[in-house]
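Here is the structure we will look at, set down as structure tokens.
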Amino acid sequence: MAKKNNIRSIRFSDELADLIDRQNGRTFTEKLENLVTLCVWELPQREEQLKNIQAQIDQERKRLINLQRETQLLKALEADIKNIQHCFEIVKKRAKLFAGAAEKDELKYKIPSDVRSQV
């Protein structure tokens, strides 16, 4: 460790004393040095990490919004398909009714098969 030529007398609050005391180190000087080192060298790295994590969160938030939008579109498509299926079932039932009515008319009027194929 470097030679310590700087001697200072400072006053600080009890809160700051508690904060310094919670740092790693055996003596008050070591604890204060560790706190300053943490703030000067490690804190900027942590802030950069935080910035990167925040950017990732923002990107994932946008991805989530896109996925939610696509999910809504898929749900709307599913509802449209169900509606079309329902309409198709109605058309199918009506076609059966018309086929049944046409069959009755064929029997009733005895339409020849060669004429029936032209109709």
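Overview of results
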| read-out | value |
| --- | --- |
| Extension gain from GLU89 to GLU15, taking 0.36 nm per residue of separation minus the Cα-Cα distance | 18.9 nm |
| Loop-exposed trypsin sites (Lys or Arg not before Pro) per DSSP, neighbour cap 14 Cβ within 10 angstrom, longest uninterrupted part of the chain | 27-109 |
| Hz values of 3J(HN,Hα) by residue in segment 6-23 - Karplus curve (6.51, -1.76, 1.60), Gly and Pro given as x | 9, 10, 9, 10, 10, 10, 8, 6, 5, 4, 5, 4, 5, 4, 5, 5, 7, 7 |
| Gaussian network model of the chain, Cα within-10 Å springs - most flexible of GLN85, GLN68, GLN59 | GLN85 |
| Solvent-accessible area, 1.4 Å probe, carbon plus sulfur percent, for the chain | 56 |
| Rounded, prolate or oblate (a/c below 1.5 giving rounded, otherwise prolate when a/b exceeds b/c) for the chain by Cα gyration tensor | prolate |
| Surface accessible to a 1.4 Å probe, per residue, for the residues of the chain, Å² | 97 |
| Förster-model FRET efficiency, 35 Å R0, LEU97 and GLN72, C-beta, rounded to 0.05 | 0.40 |
| Eligible lysines near LYS4 by straight Cα distance, threshold 20 Å, same-chain separation 8 or greater | LYS31 |
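The values are calculated or read from the model by the stated rules, or taken from the named source; none is laboratory data. Remember, predicted model here, so these are calculated numbers, not experimental data. Backbone-built Cβ (ideal geometry, glycine too); neighbour counts: all protein chains shown. Side chains are part of the model used for accessible areas, which takes the heavy atoms of the whole protein and leaves out ligands, DNA and RNA. Shrake-Rupley method; radii C 1.70, N 1.55, O 1.52, S 1.80 Å.
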